[in-house]
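See structure below.
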């Protein structure tokens, strides 16, 4: 019995780590660029295909493929900010939403054309390995996911707290106009923020994809889960987002034992709707621009 | 001394004059009615029916997304509810189309009220996300409530559109029949939307869209009017769903999927919002252009994606608005030369 | 009609720990022009917002309109009661034409039941025609008739202030709350606006206005209420208030 619970707990952590990586990508962009990126799920999908190509087609070693994916995605994020996001930053939110929706449609369709809709697999050396601890088993890939995610967030936290750019990011998230007046390069910070967000999606793909299949629509459900997390965490508050992600991961991991996956999804949507209605400030945070 | 009043009108610039506009409508009307005769290919008529369905949906969606300015993802839920209700009523109880359509409208409006009341408390992105949440719930229900909807197995064999009055009975047989019913539906929707938006309701929506605080100060009950736009749009989607159920004879959970939201958003952002012509143009372009350009099915979405992004950047209001603004600008430039911008103080 | 239209009674509103309005009471009687003055940040617009439903003052605040407490009502409900307000930032519907904007200002007050009519019945057409007539007369009064079809956004700032004034009058309200009606307006226009307010008052309209322009306030107001740091520090006729030491201190003191 205990092993079942620990099993579910660890699965929940792994799922939570995935949600945390994706949701923080959305949250960081919203906090700093004031834009909700509806294409973020497709960033993850795109990263998954890039990772697949590097790992399975080019046959790079796992670590290298993972790093290259993160790097490639960061560059893509920066490029996208420059070409598509910058022109619409001053437009009303509906236009921004639609622009990112367009990117989402484009990426999904491109993936369908390029790779077909048949699910692909990209196994890592750890995919099949199970660690035996006492009387329970846990997938090593999941442990890797949890471990690397933790390291990544610690590193990101340090970056934001200590470095000049990180401080600039915090400043912009608080008061954009003041930053412009003071001479902070807001556009550069926006670009870096997008790069980080996309990079996080890349990391998520490299860590989680060995456990699942790859298809053009894999990002769609995930983006909605990301919204659930971001709303539960309170839009823009980084630490709260991570906690909310872990919470959601655990809730899903435990409920899936008793109900169908469909109902687990409905549960998440209900959580989102419920939070929006009863605690629009999120479970922990204060209202940020919403 | 009221020359200004006689020129006052709420509709777009009448450069053609009344007779000109009437002639234009007659030509268009004639072409629409004669379409199946002019181009008798089943393929073309099928495309036309799809276009008509999207015209109706887009006009309804524009009420909330264009006129009031609240981007909602819930519309497919209303369309899907309409389709499922009509299909179930027809399959299990053999109910005629008039009652099915009515039931679809009622259910869609109910859903709109249930979704709208909580969601309208939210602003901006939160509203979009709330509607997205509800839409997803609807999709999952359609997929999962197998006892009723048969989930992914769909509801096949939906009876055709049929009208009956006393002893007279007619049911749609051919594709051309469906074209004319669809045309009738689109025309009814067109008239209803025109009616509702040209009066006080449309003006109140315009006010809400531009400045809610000011609208409230002028006495507009915000929630009521937002719900009104939402409900009317939902009702339109519902009856269109009922039509679709019979036309496609098959109702699947994909009818409730996110793709319809994306399609409608593409249509409005392509054609133009807060106008009658915008959604119509968008719907026609969206349906016809890929067919005309013979774009392969898979590349279609790539094409749309690029189109939406480019449109958002360069023509955020859509083609129709962009064009009418250009016309407006040339007119104002001409009027400005008469010099009627003098300040009151020179009186 | 009973003389006291609006009674503000112990209205208080705090933000965080700060009292924007700290228990203010005064009355506006039928047919008066009452001025609400005070240094920047004294709580005047906050008070307006509390009266018109945009903010909910804390208990035991009371705002009595013709004897009935309206605290907790929505702004649109309050507007339909006959209390019309303007905004400090001169908000208008820029996309609408001048005529449309004027019709908008009255249409919600014309619905006898608060339900929009779908069909253009004879009653609707008549009331629309009435509204157009009234709008035309008001436009004529301020000399902007030739702008009836122009988008409101194309009016000059002074013209916009005039428009806002007549838009407020369209629904034939019982009281008009003007928030800085002559701010940033040139002197000739100020005279025009002053003139219109006085003329309308002679015809029976009641006004409560926030203004920083002392000349205007002293010239046209019957009574003046002075706020400072959320408290009422003086009230009376312009002469009385002008010479009150506390008022002088508030504006010029340390």
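The values are calculated or read from the model by the stated rules, or taken from the named source; none is laboratory data. The structure presented is a predicted model; accordingly, all values stated were derived computationally and were not measured. Note that each Cβ is placed from the backbone with ideal geometry, even for glycine, and that neighbours are counted across all protein chains shown.
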Worksheet entry | Tally of residues being facing chain B (nearest Cβ under 10 Å), over 15 Å from residue A:251 (Cβ atoms) and at pLDDT 50 or above across the stretch A:274-290 | 4
Worksheet, complete the sentence: When residue B:190 is run through (1) surrounded by fewer than 21 Cβ atoms within 10 Å (Cβ to Cβ); (2) within 14 Å of chain A (Cβ to nearest Cβ); (3) modelled with pLDDT of 85 or more, the failure sits at (2)
Discussion item. Tell me whether the stretch A:169-176 contains one or more residues that are at pLDDT 85 or above, within 19 Å of the chain's Cα centre (by Cα) and within 23 Å of residue A:239 (Cβ to Cβ).
Written reply: yes
Discussion item. If a residue must be at the interface with chain B (Cβ under 10 Å from one of its Cβ atoms) and either within 16 Å of residue C:94 (Cα to Cα) or in contact with a helix residue (DSSP H, G or I) (Cβ under 9 Å, 6 or more places away or on another chain) (or both), how many such residues does the stretch C:174-192 contain?
Written reply: 5
Worksheet item: If you take the residues of the stretch B:148-184 that are out of contact with any strand residue (DSSP E or B) (no Cβ under 7 Å at 6 or more places or on another chain) and within 14 Å of chain A (Cβ to nearest Cβ), which of them is surrounded by the most Cβ atoms within 10 Å (Cβ to Cβ)?
Response: B:151
Practice prompt. Consider residue C:28 carefully, then state whether it is in contact with a helix residue (DSSP H, G or I) (Cβ under 7 Å, 6 or more places away or on another chain) and either outside the structural domain of residue C:212 (by TED's automatic domain parsing) or closer than 17 Å to residue C:232 by Cβ (or both).
Written response: no
Practice prompt. Out of A:153, A:106, report the one residue that is buried (at least 18 other Cβ atoms within 10 Å of the Cβ), in contact with a helix residue (DSSP H, G or I) (Cβ under 7 Å, 6 or more places away or on another chain) and within 20 Å of residue A:53 (Cα to Cα).
Written response: A:106
Worksheet item: Looking at this structure, is residue B:320 assigned to a helix (DSSP H, G or I), within 14 Å of chain A (Cβ to nearest Cβ) and more than 13 Å from the chain's Cα centre (by Cα)?
Response: no
Worksheet item: Wholly within the stretch B:198-290, which helices (runs of 4 or more DSSP H) include no fewer than the required count, namely at least 3 residues that are in contact with a strand residue (DSSP E or B) (Cβ under 6 Å, 6 or more places away or on another chain)?
Response: none
Discussion item. Looking at the stretch C:76-89, can you tell me whether even one residue there is facing chain B (nearest Cβ under 8 Å), touching a residue at least 12 places away in the same chain (Cβ under 8 Å) and over 19 Å from residue C:179 (Cα atoms)?
Written reply: yes
Discussion item. Given the criterion on the phi < 0 side of the Ramachandran plot, assigned to a helix (DSSP H, G or I) and in contact with a helix residue (DSSP H, G or I) (Cβ under 8 Å, 6 or more places away or on another chain), identify the matching residue among A:63, A:69.
Written reply: A:69
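Per-residue answers, yes or no, for (1) within 27 Å of residue C:136 (Cβ to Cβ); (2) at the interface with chain B (Cβ under 8 Å from one of its Cβ atoms):
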position: C:22; (1), (2): no, no
position: C:34; (1), (2): no, no
position: C:40; (1), (2): no, no
position: C:44; (1), (2): no, no
position: C:74; (1), (2): no, yes
position: C:91; (1), (2): yes, yes
position: C:96; (1), (2): yes, yes
Discussion item. Tell me whether the stretch B:223-243 contains one or more residues that are buried (at least 24 other Cβ atoms within 10 Å of the Cβ), closer than 30 Å to residue C:86 by Cα and in contact with a helix residue (DSSP H, G or I) (Cβ under 6 Å, 6 or more places away or on another chain).
Written reply: yes
Item to complete: Would you mind finding the one in A:98, A:88, A:105 that is more than 22 Å from the chain's Cα centre (by Cα), closer than 30 Å to residue B:267 by Cβ and modelled with pLDDT of 85 or more?
Response: A:88
Worksheet item: How many residues does the stretch B:291-317 hold that are surrounded by 18 or more Cβ atoms within 10 Å (Cβ to Cβ) and outside any helix (DSSP H, G or I)?
Response: 2
Item to complete: Run down A:184, A:189, A:165 and say which single residue is over 25 Å from residue B:133 (Cα atoms) and either within 14 Å of chain B (Cβ to nearest Cβ) or surrounded by 21 or more Cβ atoms within 10 Å (Cβ to Cβ) (or both).
Response: A:189
Item to complete: Pick out the one residue from B:14, B:69 that is at pLDDT 85 or above, within 14 Å of chain C (Cβ to nearest Cβ) and not in a helix (DSSP H, G or I).
Response: B:69
Practice prompt. Test residue B:122 against the stated conditions and say whether it is buried (at least 17 other Cβ atoms within 10 Å of the Cβ), over 16 Å from residue B:254 (Cα atoms) and over 20 Å from the mean Cα position of the chain (by Cα).
Written response: yes
